[in-house]
Amino acid sequence: MTSPNSIAAPAHLAVENIIVAYNGHPALFDVAFKVPQGTRVAVVGPNGAGKSTLFKALVGLQPLKGGQILIHGLPLGHHLECVAYVPQREDVDWHFPVTVSDVVMMGRYGHLGWLKRPGNKDRTIVARSLEQMDIANLALAPIGDLSGGQQQRVFLARALAQEPHIL
């Protein structure tokens with residue numbers, strides 16, 4: 001484990017014996033792993049195995065009952081802007097009146113701060129993210145008018161627009 005006061009180590013994610021519970025029933029128990037910088041990891045398992053719970057815990061949406069999550073050696077919460085999360089389809093209100101570009105721009109809000117408007121850099125990053133996901137032609141389309149696959153591409157573009165260290 002890296003202490004916050006030590007010399008900076010290469011970027012990494014460390015999950016140390018976490019426990020996550022719903023209504024007192026453990027959904028994840030004693031889960032531990034490390035992911036070094038540049039590593040790609042796939043999390044697979046049957047429905048109900050805790051995959052979504054794990055990812056919600058990694059971004060602070062689901063509280064831990066035990067253990068800890070370290071990002072770059074610091075506890076969860078110190079680096080919220082460097083972790084991007086793509087929600088499952090059912091976690092979104094598809095009737096909310098926003099365009100594809102609006103949704104992707106939401107990925108920039110963590111960089112903007114309160115009451116600041118997006119600038120040229122933010123618009124450039126959004127355009128690049130849309131291009132990367134091959135959906136630039138849908139920028140002005142309402143999010144609810146897209147197919148399920150297109151909607152998932154929009155949320156991946158939003159995550160890319162955050163410029164995360166961990167996706």
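Overview of values
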| item | result |
| --- | --- |
| Charge-dipole axis of the chain as Lys and Arg at +1 and Asp and Glu at -1 on Cβ define it, positive-most pick from Gln150, Ile166, Gly45 | Ile166 |
| Label-point separation, Ala139 to Lys116 (7 Å along Cα→Cβ), nm | 2.2 nm |
| Contact order normalised by residue count of the chain, Cα under 8 Å, 6+ apart, percent | 23 percent |
| Nearest 10 degrees, 0 to 90: helix 148-161 Cα axis against the chain principal axis | 70 degrees |
| Accessible area of the chain belonging to carbon and sulfur atoms, whole % at 1.4 Å probe | 56 percent |
| Calculated Rg and Dmax of the Cα atoms in Å (choose from (1) 16.0, 50; (2) 23.4, 79; (3) 17.3, 50), label | (3) |
| 11 Å reach of a label modelled at Gln150, 7 Å along Cα-to-Cβ, counting backbone N of region 122-140 | 135-140 |
| Residues Leu61 and Phe29, FRET efficiency given R0 of 25 Å [Cβ-Cβ distance, rounded to 0.05] | 0.85 |
| About the Cα centre, charge dipole magnitude for the chain (Lys/Arg +1, Asp/Glu -1 at Cβ), debye | 240 debye |
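The values are calculated or read from the model by the stated rules, or taken from the named source; none is laboratory data. Note that the structure is a prediction, hence the values are computed from the model and not measured. Because the Cβ atoms are built from the backbone with ideal geometry, glycine has one as well, and the counts that use them run over all protein chains shown. The protein model used for the area step is the full one, side chains on, heavy atoms only, and it has no ligands, DNA or RNA in it. Shrake-Rupley method; radii C 1.70, N 1.55, O 1.52, S 1.80 Å.
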